[in-house]
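All remarks here apply to the structure that follows.
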């Protein structure tokens, strides 16, 4: 295969008697020598890191140092953990797998940016999901996931109504605190809406809503009342 036709360039021909770099410049700038000066045209074929004999790949670096530069911003990056050392989180005896953390704490770093974030509630009070809702294990409940887990606010609202929640219903927190699942802090919301805006459709929808929730409103009013009279 012939070399590039540009004087001084020893790269192999790619198209139209030009190497890839000069062909790109021809397509981009209309001239194979147009644009900014070529970078790394005088590299030595070896990595520029002292005492490294690796073959040149890009940016004056071998494949190993170039990968470190791309991933960590430093071609001399050295990992700060050992698979034989315990996790860097105080009190954790599990072995490190990445960035000085064990698998459990490393996953917390990836998901929440904090290895010590604790997404569990009090013993017997369930756990918190990624969105901050309290999750309980209630297998067999109609609103529970197939794993048996259900959000506590939905469970409480279901118990207040004496029936499972429908797919279009949610249990809204009045004060915005997702862990405050007292009956008086929950409201039943529905995303149900009429299929159209004709008067007939609106009237039919209104009747459906009244029939659906007339009993529920009375039930919730009783179950969600505050015995102390403080208003929640």
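Annotations
- Among the residues of segment 49-75, those identified as in a loop (DSSP other than H, G, I, E, B) and modelled with pLDDT under 85 are 59, 60, 73, 74.
- Qualifying positions in segment 173-183 - outside any loop (DSSP other than H, G, I, E, B) and modelled with pLDDT under 95: 183
- Contact map, segment 193-204: first residue outside the structural domain of residue 168 (by TED's automatic domain parsing), second residue surrounded by 11 or more Cβ atoms within 10 Å (Cβ to Cβ) and in a loop (DSSP other than H, G, I, E, B), Cβ cut-off under 8 Å, separation 6 or more or different chains; the map is empty.
- Any chance residue 153 is within 16 Å of residue 129 (Cβ to Cβ), assigned to a loop (DSSP other than H, G, I, E, B) and in contact with a strand residue (DSSP E or B) (Cβ under 7 Å, 6 or more places away or on another chain): no
- For segment 138-192, the candidate set comprises residues that are more than 19 Å from residue 218 (Cα to Cα) and in contact (Cβ under 8 Å) with a residue 40 or more places away in the chain; within that set, the residue that is surrounded by the fewest Cβ atoms within 10 Å (Cβ to Cβ) is 175.
The values are calculated or read from the model by the stated rules, or taken from the named source; none is laboratory data. Quick caveat, the model's predicted, so the values are computed rather than measured. Quick reminder, even Gly has a Cβ in these numbers, built from the backbone with ideal geometry, and neighbours come from all protein chains shown.
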